[in-house]
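**Student:** Submitted below is the structure of interest, expressed as structure tokens.
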Amino acid sequence: MSFVQILEFDTKRAGEVESLMNEWRTQAKGKHYVKREVVAKHRDRSDHYVAIVEFSSYEEAQNNSKLPETDRFNAHMAKLCEGPIEFANYDVIRDKS
């Protein structure tokens, strides 16, 4: 069963967040477990974002979290955000295009 992690965060430094995400992908290439990643900006709250990160399973998400590249990403991401990053974990029960 697929698994998604949703991150909600506020930042005034969206360009730096995007660069950090690209840097993580480069550093973790061949090691990470991310299948798909979507980042969306809230229409009515200009500094509010969500990132939806898809994995093949909860176990793969946990393995991804254990990567040193992910630790560095999380530490730097926290510095770019206004307040805490909220994480939510979901098992996918329906996926239709």
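**Student:** Looking at (1) under 14 Å from Ile6 (Cα atoms); (2) touching a residue at least 60 places away in the same chain (Cβ under 8 Å); (3) not hydrophobic (A, V, I, L, M, F, W, C), can you tell me which one Asp95 breaks?
**Tutor:** Every condition holds for Asp95 apart from (1).
**Student:** Scan (1) surrounded by 14 or more Cβ atoms within 10 Å (Cβ to Cβ); (2) part of a strand (DSSP E or B) for the single condition Ala40 breaks and write down its number.
**Tutor:** Unmet for Ala40, out of (1) surrounded by 14 or more Cβ atoms within 10 Å (Cβ to Cβ); (2) part of a strand (DSSP E or B): (1).
Listed here are the residues, each with its yes/no results for (1) in a helix (DSSP H, G or I); (2) on the phi < 0 side of the Ramachandran plot; (3) in contact with a Cys (Cβ under 6 Å, 6 or more places away or on another chain).
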{"position": "Arg45", "(1), (2), (3)": "no, yes, no"}
{"position": "Ile52", "(1), (2), (3)": "no, yes, no"}
{"position": "Asn74", "(1), (2), (3)": "yes, yes, no"}
{"position": "Met77", "(1), (2), (3)": "yes, yes, no"}
{"position": "Gly83", "(1), (2), (3)": "no, no, no"}
{"position": "Ala88", "(1), (2), (3)": "no, yes, no"}
{"position": "Lys96", "(1), (2), (3)": "no, yes, no"}
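Listed here are the residues, each with its yes/no results for (1) under 11 Å from the mean Cα position of the chain (by Cα); (2) not polar (S, T, N, Q).
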{"site": "Ser19", "(1), (2)": "no, no"}
{"site": "Val50", "(1), (2)": "yes, yes"}
{"site": "Ser65", "(1), (2)": "yes, no"}
{"site": "Pro68", "(1), (2)": "no, yes"}
{"site": "Arg72", "(1), (2)": "no, yes"}
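**Student:** Any residue at all in segment 58-68 that is at pLDDT 95 or above, aromatic (Phe, Trp, Tyr), touching a Leu at 6+ places or on another chain (Cβ under 8 Å) and closer than 16 Å to Leu7 by Cα? Please lay out each step first, then the result.
**Tutor:** Within segment 58-68, the subset at pLDDT 95 or above is 58-68.
From what's left, aromatic (Phe, Trp, Tyr): 58.
Those left that are additionally touching a Leu at 6+ places or on another chain (Cβ under 8 Å): none.
No, because not a single residue in segment 58-68 is at pLDDT 95 or above, aromatic (Phe, Trp, Tyr), touching a Leu at 6+ places or on another chain (Cβ under 8 Å) and closer than 16 Å to Leu7 by Cα.
**Student:** Does Ala51 meet the test of being hydrophobic (A, V, I, L, M, F, W, C), at pLDDT 95 or above and surrounded by fewer than 17 Cβ atoms within 10 Å (Cβ to Cβ)? Write out each step before concluding.
**Tutor:** Numbers: hydrophobic (A, V, I, L, M, F, W, C): yes; at pLDDT 95 or above: yes; surrounded by fewer than 17 Cβ atoms within 10 Å (Cβ to Cβ): no.
Spelling it out, it is not the case that Ala51 is hydrophobic (A, V, I, L, M, F, W, C), at pLDDT 95 or above and surrounded by fewer than 17 Cβ atoms within 10 Å (Cβ to Cβ).
**Student:** Right, next: Here is a list of conditions, (1) surrounded by 14 or more Cβ atoms within 10 Å (Cβ to Cβ); (2) assigned to a strand (DSSP E or B); (3) more than 10 Å from the chain's Cα centre (by Cα), and Glu60 meets all of them except one; can you say which number that is?
**Tutor:** (2)
**Student:** Just to be sure before I move on: is Ser65 within 16 Å of Cys81 (Cβ to Cβ), free of Cβ contacts under 8 Å to residues at least 24 places away in the same chain and either small (Gly, Ala, Ser) or in contact with a helix residue (DSSP H, G or I) (Cβ under 9 Å, 6 or more places away or on another chain) (or both) in the structure I sent?
**Tutor:** Working: within 16 Å of Cys81 (Cβ to Cβ): no; free of Cβ contacts under 8 Å to residues at least 24 places away in the same chain: yes; either small (Gly, Ala, Ser) or in contact with a helix residue (DSSP H, G or I) (Cβ under 9 Å, 6 or more places away or on another chain) (or both): yes.
In short, no.
**Student:** Another one. Among the residues of segment 18-37, how many are hydrophobic (A, V, I, L, M, F, W, C), assigned to a helix (DSSP H, G or I) and farther than 17 Å from Ile85 by Cβ? First the steps, then the outcome.
**Tutor:** The first filter runs over segment 18-37 and keeps only residues hydrophobic (A, V, I, L, M, F, W, C), leaving 20-21, 24, 28, 34.
Now narrow it down to the ones that are assigned to a helix (DSSP H, G or I): 20-21, 24.
Add one more test, that the residue is farther than 17 Å from Ile85 by Cβ, and what stays is none.
Counting residues in segment 18-37 that are hydrophobic (A, V, I, L, M, F, W, C), assigned to a helix (DSSP H, G or I) and farther than 17 Å from Ile85 by Cβ gives 0.
**Student:** I'm trying to understand the selection: among the residues of segment 21-46, which are of a type in the set (S, T, N, Q) and farther than 14 Å from Asn64 by Cβ?
**Tutor:** Going residue by residue through segment 21-46, those that are of a type in the set (S, T, N, Q) are 22, 26-27, 46.
Asn22, Thr26, Ser46, listed by residue number.
The values are calculated or read from the model by the stated rules, or taken from the named source; none is laboratory data. All figures in this text were calculated on a predicted structure; none of them were measured in a lab. Neighbour counts are summed over all protein chains in view; Cβ atoms, including those assigned to glycine, are modelled from backbone coordinates with ideal geometry.
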